[in-house]
Amino acid sequence: MKYLTPGPIQLPKDVLNHIKNQPYFHRSSEFKEIFSSVIEKMEKIVGEEVLILPGTGTFSIDTMVYNYVNPNEDVILIDIGEFSRRLGESLISRNVKLHIIKSEIGDVVTPDIIEDYSKKINDLKAIAMVHNETSLGVANRYIEKIQDLAKSLNAILLVDSVSGIPAERISKNIDVIATASHKAFMSIPGASIIFYSIKPRNFDKLPPSMNLNKFIDMKKRLETPYTPPINVIMGLDYSTNYILKVGIDKYAEIHKERTDYLRNLVKLKPVAKEKFGSNTVSAFYTNNTKAIIESLKNKGYTIASGMGNLSNSIIRIGVMGDVSLDDVKKVAEVINNYD
């Protein structure tokens, strides 16, 4: 079975060969060497400092929220889909004053709308957004402008890019980005990853597992405060080598090539507006979600259904990892037997 899903993704055999090794003792020089290598390469790929925690994309989102906003602070949430709403759930659990701006399905909220809305808020502390909305295959390509807007408002920008970077590029430093190991960074699930250009600003005590200041302090010694996801990091050691060898821009272009090919072949209507179609995940409307998924399984391919209210009316196809243009063509041929 080959996985063209939003994640976990189809991993190259070389990544799997690195992961299956005996894990290092995490206080050993051997681990420090590989940990240092992975940190250096990830920071080169994204251009910001990085922290690696045990967990998933969801945990990285919660950790970002709890380290960068405080109870009763005013926060704007840009809602473009299911994972935007999950980001909102995390913010609500932090007891912030949440202000939501919602887009139409397949579209994004423009910076001018956010700016106008922000004028209603006296002391805005943060703007929270999803960079790459996995549930709908929508990429918010206003992210750099929204970062500039946040800075002008003396607020910080919190970004969920779990299915985005580094295949869906961001061209400038963002205040905080939460992501994970098992999508475009091409390793197995198990690592919560946070890139940051400003330090945490929480004013109260946090659970030790999500206190980023502990990770920042230990990182100086090439250690982590708790047992890290060692074999995930082994996989990242290979995948980050691969990304840098291919080239950061080329890596994104490869994903765009696969996605463009898929959209040109599939006859179904895409969910995302053309200029906001994600490089990593595509979603299409269909009346035959279950039948398409079952037919593809019979051909050796797994894709995903929609989420929430759209679970039975869209299909989602990921092109991250070990996916060829021939795979894309075969998947499209099956899909085109249905409407």
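Summary table
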{"quantity": "Hey, K219 touching a strand residue (DSSP E or B) at 6+ places or on another chain (Cβ under 9 Å) and open to solvent by less than 60 Å² (accessible area, probe 1.4 Å) or not", "calculated": "yes"}
{"quantity": "Test: L91 is surrounded by fewer than 18 Cβ atoms within 10 Å (Cβ to Cβ) and either part of a helix (DSSP H, G or I) or touching a strand residue (DSSP E or B) at 6+ places or on another chain (Cβ under 6 Å) (or both)", "calculated": "no"}
{"quantity": "Residue check, N17 open to solvent by 20 Å² or more (accessible area, probe 1.4 Å) and either under 26 Å from V319 (Cα atoms) or among the small types (G, A, S) (or both)", "calculated": "yes"}
{"quantity": "Candidates K297, K275, K267, filtered to the one that is farther than 18 Å from A252 by Cα, outside any loop (DSSP other than H, G, I, E, B) and open to solvent by 50 Å² or more (accessible area, probe 1.4 Å)", "calculated": "K297"}
{"quantity": "Residue match in region 22-34 (condition: open to solvent by less than 30 Å² (accessible area, probe 1.4 Å), under 23 Å from the mean Cα position of the chain (by Cα) and touching a residue at least 40 places away in the same chain (Cβ under 8 Å))", "calculated": "no"}
{"quantity": "Hits in region 37-50 - residues which are open to solvent by 40 Å² or more (accessible area, probe 1.4 Å), within 13 Å of K219 (Cβ to Cβ) and either of a type in the set (G, A, S) or not in a helix (DSSP H, G or I) (or both)", "calculated": "E49"}
{"quantity": "Condition met for N287 (touching a helix residue (DSSP H, G or I) at 6+ places or on another chain (Cβ under 6 Å) and not in a helix (DSSP H, G or I))", "calculated": "no"}
{"quantity": "The listed residue being in a helix (DSSP H, G or I), among the polar types (S, T, N, Q), open to solvent by 60 Å² or more (accessible area, probe 1.4 Å) and touching a Lys or Arg at 6+ places or on another chain (Cβ under 9 Å), out of N241, N231", "calculated": "N241"}
{"quantity": "Some residue of region 186-195 being at pLDDT below 95 and farther than 16 Å from M42 by Cα", "calculated": "no"}
{"quantity": "Scan of region 66-82 for residues that are under 15 Å from the mean Cα position of the chain (by Cα) and buried (at least 20 other Cβ atoms within 10 Å of the Cβ), ordered by number", "calculated": "I80, G81"}
{"quantity": "Count of region 13-39 residues which are under 24 Å from S324 (Cα atoms) and either of a type in the set (S, T, N, Q) or in contact with a Gly (Cβ under 7 Å, 6 or more places away or on another chain) (or both)", "calculated": "4"}
{"quantity": "Verdict on L222 being within 24 Å of T63 (Cβ to Cβ), touching a helix residue (DSSP H, G or I) at 6+ places or on another chain (Cβ under 8 Å) and either assigned to a helix (DSSP H, G or I) or of a type outside the set (K, R) (or both)", "calculated": "yes"}
{"quantity": "Among (1) farther than 21 Å from R169 by Cα; (2) under 25 Å from the mean Cα position of the chain (by Cα); (3) not in a helix (DSSP H, G or I), the one test that S282 misses", "calculated": "(1)"}
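The values are calculated or read from the model by the stated rules, or taken from the named source; none is laboratory data. Since this is a predicted model, take the numbers as computed values, not measurements. Ideal geometry is used to build each Cβ from the backbone, glycine not excepted, and the neighbour counts take in all protein chains shown. To get the accessible areas, we keep the full protein, side chains included, count just its heavy atoms, and leave off ligands, DNA and RNA. Shrake-Rupley method; radii C 1.70, N 1.55, O 1.52, S 1.80 Å.
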